[in-house]
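Step one of this worksheet: look at the structure below.
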Amino acid sequence: MIDPQNVLPYRVTDRNLALELVRVTEAAAIASAHWTGRGQKNEADGAAVQAMRAAFDTVAIDGVVTIGEGEMDEAPMLYIGEKVGSGGPAMDIAVDPLEGTNLCAKSLPNALTVVALAERGKFLHAPDIYMEKIVVGPDLPEGVVDLDASIGNNLRSLAKAKKRDVSDMVLCALDRERHEEMIAHAREAGARVMLLSDGDVAAAIATCIDGSGVDLYAGSGGAPEGVLAAAAIRCMEGQMQGRLLFEDDSQRERAREMANGLDPARKLFLHDMASGHVLFSATGVTSGPLLKGVERPSPTRARTHSIVMRSKSGTVRYIESHHTFKPKAQAAS
């Protein structure tokens, strides 16, 4: 029999942290939503960063940003190595204050604000370079797809595991020139292809969502986004593999410094990118298949839609929050 005294305090703290994370992503989403459709992605991103950073001051953690807005000399806040939180358990933080800045600027689907937490030292320290990725959902044989296999073989293996035809499979990928060969081979194999302009965290998560219409996510995108996606996939019990891609020796050396003696070009499995106990939260800025965007029924009210997950329990919660703001005249009095 489990002694409640040994497990209850940690579980309560853990659950409270999950709800505090939602408040962080909500704050960033509401701030950046003001810029939706205005064609000013930098302003949208800046608003999200400032709101997220301020919200972290209320979170009861001893946090260090390991995936953030860049190095200290490149970003004024939420930079790699910055300490955040009001004190508490030692946690590593991965953030993308506005995943899909172009999507927000153009009022296109799937702009999100994203945060993940892990125990100290449990996130891959990934520099801001590209990562090759492949992701599938839960309830599949381990190793059903492989980063080093051809896209055709992966689609055939996945179709067999799902007891469906390859023609039923949907590959999701970023619409980039570098993916043209992969896309062509996927179509030659008989699969359909869903192309996105931006937003590969949402696309990776879609593989784990029933009814999303996405069976496989593959291709290269940002390494920081890869770590954030890995945190979500851990919570949803999907599968993911990745590999860092280097454009020059300086990138390879930077990755080597962050790899603690491991080969920076090795194939990465899910627990290499996000291990231990992981928490994940995302709030929609613009509406998409994963989440609705921020809604403003009046100048003093907003409605947000979020997803929050915990790897320890495997629980995935969708949260709709209604926010009320004081009118400016009342706030000033």
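Using a Gaussian network model of the chain whose springs link C-alpha atoms within less than 10 Å, name the residue from Q50, Q40, Q241 with the highest mean-square fluctuation. Looking only at Q50, Q40, Q241, the biggest GNM fluctuation is shown by Q40.
Calculated [222 nm] ellipticity per residue, helices only, for the chain: -10000 deg cm²/dmol; basis is -39500 (n - 2.57) per DSSP H run with n ≥ 4, divided by all residues, nearest 500. If the chain linking R178 and H34 were pulled fully straight, counting 0.36 nm for each residue of separation and taking away their Cα-Cα distance, it would gain 48.5 nm.
Give me the orientation-averaged projected area of the Cα convex hull of segment 130-273, in nm², one decimal.
Working: hull surface 32.7 nm².
Over every viewing direction, the Cα hull of segment 130-273 projects on average to 8.2 nm².
Using a 1.4 Å probe and ignoring any ligands, DNA or RNA, find the accessible area of R192 and quote it in Å² to the nearest 10. It works out to around 140 Å². Accessible area of L245 (1.4 Å probe, protein heavy atoms only, ligands and nucleic acids ignored): about 60 Å². Across A48, A161, A191, mean-square fluctuation computed from a Gaussian network of the chain (C-alpha pairs under 10 Å connected) peaks at A161. Measuring with a 1.4 angstrom probe and ignoring ligands and nucleic acids, E180 comes out at about 110 Å² accessible. Could you tell me what percent of the accessible area of the chain is made up of carbon and sulfur, with a 1.4 Å probe and every protein chain present? Heavy-atom surface of the chain belonging to carbon and sulfur, 1.4 Å probe: 48 percent.
Largest to smallest in accessible area, the residues Y318, Y79, Y217, Y130 fall in the order Y318, Y130, Y79, Y217 (1.4 Å probe, all protein chains included).
Provide, for q = 0.11, 0.12, 0.15, 0.20 Å⁻¹, the log10 of I(q)/I(0) from a solvent-free Debye sum over equal Cα point scatterers in segment 227-293. Result of the Debye calculation: -0.38, -0.44, -0.63, -0.88.
Hey, if we sort I319, I205 by accessible area with the 1.4 Å probe, largest down, what's the order? Walk me through the numbers on the way to the answer.
Details: I319 40, I205 0 Å².
Highest to lowest solvent-accessible surface, that is I319, I205.
If DNA, RNA and ligands are ignored and the probe is 1.4 Å, what is the ranking of H34, H323 by accessible area, most exposed first?
Working: H34 105, H323 35 Å².
I get H34, H323, largest accessible area first.
Distance distribution note for segment 202-327: the fraction of Cα pairs above 22 angstrom is 47%. Note: relative contact order over segment 130-273, using C-alpha pairs below 8 Å and six or more positions apart, is 33 percent. 3J(HN,Hα) along segment 56-69, derived from phi through the Karplus expression 6.51 cos²θ - 1.76 cosθ + 1.60 where θ = phi - 60°, amounts to 5, 5, 9, 8, 7, 9, 9, x, 10, 6, 10, 10, x, 7 Hz, with x in place of Gly and Pro.
Whole number in Å², please: accessible area per residue of the chain, 1.4 Å probe, ligands, DNA and RNA not counted.
Values: 15390 Å² over 333 residues.
Value returned for the chain: 46 Å² of accessible area per residue.
Taking every C-alpha pair closer than 8 Å and separated by at least 6 residues, the mean separation divided by the residue count of the chain gives a relative contact order of 19 percent. Based on the reciprocal of the average 1/r between different C-alpha atoms, the Kirkwood radius for the chain equals 20.3 Å.
The values are calculated or read from the model by the stated rules, or taken from the named source; none is laboratory data. In this text, all values refer to a predicted model and were calculated from it rather than measured experimentally. Quick note on the areas: whole protein, heavy atoms, side chains included, nothing else; ligands and nucleic acids left out. Shrake-Rupley method; radii C 1.70, N 1.55, O 1.52, S 1.80 Å.
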